[in-house]
Amino acid sequence: MNQILPPALEDELGDVLEKALRLSDLSPEALAACTGVPLARISDAIDYRSDLTCAELQKLAGPLALNDVGLCALGSGAYPKPEIGALPFCVWPLRMPHGIGVANAYLVGECGSSRAILFDTGAGIDALAAVWPASVRALDAVFLTHVEPEHAGGLCEVVARFGAPVAFIPPGATAGCGGPIPDGETRSFGPLDVTAFFTPGHAAAHHCYLVTRRGSPGGAGLLVSGDLVFAGSVGGAYFCRDKLRASLRRMLTAVPPATVIAPGHGPLTTVANELRYNPFSP
Ligand SMILES: [Fe+2]
């Protein structure tokens, strides 16, 4: 894989606590009352001024249904970032500033080829063009994880500019162009297979995509996870928190642990790392 410096985690401890409170239906007051951790210390942590100890985070983890090992690692600024091993194809993470954050799209293709598959389109064609690798001159397909402005901008322009013959979106999504690919279906591009997994929760229509290479036994795959799971966190459960948890559980157990995760925000990680450390790990 081409070498890319890892970006910062998408979520800090405060973001994780806030998301976990929403997922659990607890108020900060109720969390303080049932754990004995002072409300002011919980509130400070949510406001990014945490000095919560690991012992306090372990108390908070139970009622919030969080993985205390990962929560403690995140709280101490030491969330593990796994070594990303070689994949049997090339991956170009395309990191595009959006608002106060960064959204990721990904190109995947055979190393040395001028053709690739694009996963998500970022905020629009200009943002995408600014980070586009010169070696990729044509697309075989575009796949969208979900239709939000920072991930699906300018899909039709991208399709036209790079001559992508097909574009796929999750069932139920509307993107101006592109057609739905159902859960469990695979499309092949040369030796690369792309399989769709319907993973609602962050959005009603959300897909993850697993990229594998045929004839590469033992070769790890790439899971393009959109806003379902990030290194150290999950996407907001804007559609349905129960479905988000179910989709997370399904996805982290449906693919081999060595699978590399390529999330919509933040750095690459692995399924094994997130199963072990992600605070929301099932
Ligand atoms: Fe996003």
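What to note about this one:
- Checked against the criterion of being farther than 30 Å from S135 by Cα, touching a Gly at 6+ places or on another chain (Cβ under 7 Å), of a type in the set (S, T, Y) and modelled with pLDDT of 95 or more, segment 50-69 contains not a single residue that satisfies it.
- Residue within segment 231-239 that is in contact with a Phe, Trp or Tyr (Cβ under 8 Å, 6 or more places away or on another chain), more than 15 Å from the ligand (Cβ to nearest atom) and within 21 Å of W92 (Cβ to Cβ) present: no
- Which numbered condition A205 fails, given (1) within 16 Å of the ligand (Cβ to nearest atom); (2) on the phi > 0 side of the Ramachandran plot: (2)
- For segment 114-150, residues that are part of a loop (DSSP other than H, G, I, E, B), small (G, A, S) and surrounded by fewer than 18 Cβ atoms within 10 Å (Cβ to Cβ) total 3.
- Segment 215-237: number of residues that are out of contact with any helix residue (DSSP H, G or I) (no Cβ under 9 Å at 6 or more places or on another chain) and at pLDDT below 95: 6
- Among the residues making up segment 137-153, those that are among the aliphatic types (A, V, I, L, M) and within 16 Å of the ligand (Cβ to nearest atom) are L144, V147, A152.
- Lone unmet requirement of (1) away from the ligand (no atom under 16 Å from the Cβ); (2) touching a strand residue (DSSP E or B) at 6+ places or on another chain (Cβ under 7 Å) for Q58: (2)
- One residue from C111, C156, C177, C90 being more than 16 Å from the ligand (Cβ to nearest atom), touching a residue at least 24 places away in the same chain (Cβ under 8 Å) and surrounded by fewer than 21 Cβ atoms within 10 Å (Cβ to Cβ): C90
- Residue selected from segment 240-259 under the condition crowded, with 22+ Cβ neighbours inside 10 Å and among the hydrophobic types (A, V, I, L, M, F, W, C), by the criterion nearest to the ligand (Cβ to nearest atom): L244
The rows are residues; the columns are (1) within 30 Å of A20 (Cβ to Cβ); (2) charged (D, E, K, R).
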| residue | (1), (2) |
| --- | --- |
| L71 | yes, no |
| K81 | yes, yes |
| I84 | yes, no |
| N104 | yes, no |
| V108 | no, no |
| G122 | yes, no |
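- Restricting L275, L268 to residues that are of a type outside the set (K, R), within 15 Å of Y106 (Cβ to Cβ), away from the ligand (no atom under 14 Å from the Cβ) and out of contact with any His (no Cβ under 7 Å at 6 or more places or on another chain) narrows the list to L268.
- For V102, the conditions (1) under 27 Å from A272 (Cβ atoms); (2) surrounded by 19 or more Cβ atoms within 10 Å (Cβ to Cβ) are fulfilled apart from (2).
- In segment 159-174, the residues that are closer than 20 Å to I261 by Cα and within 16 Å of the ligand (Cβ to nearest atom): I169, P170
- Checking each residue in segment 95-113 for being in a strand (DSSP E or B) and touching an Asp or Glu at 6+ places or on another chain (Cβ under 9 Å) picks out M96, H98, G101, V102, A103, N104, A105, Y106, G109.
- Residue among D68, D15, D44, D25 that alone is of a type in the set (D, E, K, R), within 16 Å of the ligand (Cβ to nearest atom) and within 28 Å of Y238 (Cβ to Cβ): D15
- Those residues of segment 122-136 which are in contact with a strand residue (DSSP E or B) (Cβ under 6 Å, 6 or more places away or on another chain) and within 16 Å of the ligand (Cβ to nearest atom), in sequence order: G122, A123, A127, L128
- Scanning segment 32-81 for residues that are surrounded by fewer than 19 Cβ atoms within 10 Å (Cβ to Cβ), within 27 Å of the chain's Cα centre (by Cα) and assigned to a loop (DSSP other than H, G, I, E, B) turns up D47, Y48, R49, G62, P63, A65, S76, G77, A78, P80, K81.
- Scanning segment 183-202 for residues that are within 16 Å of the ligand (Cβ to nearest atom) and of a type in the set (A, V, I, L, M, F, W, C) yields no hits at all.
The values are calculated or read from the model by the stated rules, or taken from the named source; none is laboratory data. This one's a predicted model, so the numbers in the text were calculated from it and none came from an experiment. Don't worry about glycine lacking a Cβ; one is built from the backbone with ideal geometry, like all the others, and counts go over all protein chains shown.
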